[in-house]
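The values are calculated or read from the model by the stated rules, or taken from the named source; none is laboratory data. If you're wondering where the values come from, they're calculated on a predicted model, not measured in any experiment. Virtual Cβ from ideal backbone geometry, glycine too; neighbours counted across all protein chains shown. Remember, those area values only see protein heavy atoms, side chains included, never the ligands or the DNA or RNA. Shrake-Rupley method; radii C 1.70, N 1.55, O 1.52, S 1.80 Å.
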Amino acid sequence: ALLFWRPGPTARVMAGICALFILTAPLTLAKLDRIPGLFAAVDSFKTSAGHRLLIWSFTGAHIAERPLLGWGLDSSRAIPGGNTEIRPGQNWLSLHPHDAALQIWLELGAPGAVLFALLLGFFWLRLDRLAAPRLYVAAAGGSLTAALAPLFAAYGVWQEWWLGTLALALFFVLTLARA
């Protein structure tokens, strides 16, 4: 709705929010488990949500060890201590951090995080420059938001099925632009 009403300012704000979220993820997400009462509340609501906070904390600690260049592409599965069990059936980091910003930071370091922030910022800022009806711009922004929500809370960045889903969604959005 905001993109329909004010496409330019909304696109710029969203680009800034994405960049801020990505660039500060190791300082914010990785410390959520330390907020008094938050971990207990989240964990009592759903144990997998509490586990997610512990994964993010573990990931943040390992980002701090190699903030500039990271641990290497797709190294999330091999981070030292990642397969250590913290609770029955839950490891510190068995596959990936379940957050794109943290995974990019962990694997590719600051340069990867900056490039990721620039890429998402580019997508948002292009919405403002589309020569398309406002309803299309709003729908494209909604599609981008729908893609970013699970990217920042669920899947590994390099999972082929996820990348394929994003590519197919982008194809449909671009095809509709021509229609």
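Looking at the structure I just gave you, is Leu95 closer than 19 Å to Phe152 by Cβ and touching a residue at least 40 places away in the same chain (Cβ under 8 Å)? Break it down stepwise before answering.
On the way: closer than 19 Å to Phe152 by Cβ: yes; touching a residue at least 40 places away in the same chain (Cβ under 8 Å): yes.
So Leu95 fits the description; yes.
Could you give every pair whose Cβ atoms fall below 6 Å, whose first residue belongs to region 114-142 and is closer than 15 Å to Leu3 by Cβ, and whose second residue is of a type outside the set (Val, Ile, Thr) and not in a helix (DSSP H, G or I), counting only separations of at least 6 or pairs across chains?
Close Cβ pairs (under 6 Å, with a partner that is of a type outside the set (Val, Ile, Thr) and not in a helix (DSSP H, G or I)) amount to Val137/Leu130.
How about region 1-44: which of its residues are of a type in the set (D, E, K, R) and surrounded by 19 or more Cβ atoms within 10 Å (Cβ to Cβ)? Walk me through how you get there before you give the answer.
Narrowing region 1-44 to residues of a type in the set (D, E, K, R): 6, 12, 31, 33-34, 43.
Within region 1-44, just Asp33 meets the criteria.
Of the numbered conditions (1) within 23 Å of Leu53 (Cβ to Cβ); (2) at pLDDT below 90; (3) open to solvent by 50 Å² or more (accessible area, probe 1.4 Å), Glu85 satisfies every one except a single condition; which is it?
Glu85 satisfies every listed condition except (2).
Taking Pro80 as meeting all but one of (1) touching a helix residue (DSSP H, G or I) at 6+ places or on another chain (Cβ under 9 Å); (2) open to solvent by 30 Å² or more (accessible area, probe 1.4 Å); (3) not hydroxyl-bearing (Ser, Thr, Tyr); (4) not in a loop (DSSP other than H, G, I, E, B), write down the number of the exception.
Condition not satisfied by Pro80: (4).
Being assigned to a helix (DSSP H, G or I), more than 15 Å from His98 (Cα to Cα) and not β-branched (Val, Ile, Thr) is the filter here; which residues of region 38-61 pass it? Can you show your working first?
Step one: filter region 38-61 for residues assigned to a helix (DSSP H, G or I), giving 38-45, 47-61.
Restricting the remaining residues to those that are more than 15 Å from His98 (Cα to Cα) gives 38-45, 61.
Once the filter is applied, which keeps residues that are assigned to a helix (DSSP H, G or I), more than 15 Å from His98 (Cα to Cα) and not β-branched (Val, Ile, Thr), region 38-61 yields Leu38, Phe39, Ala40, Ala41, Asp43, Ser44, Phe45, Ala61.
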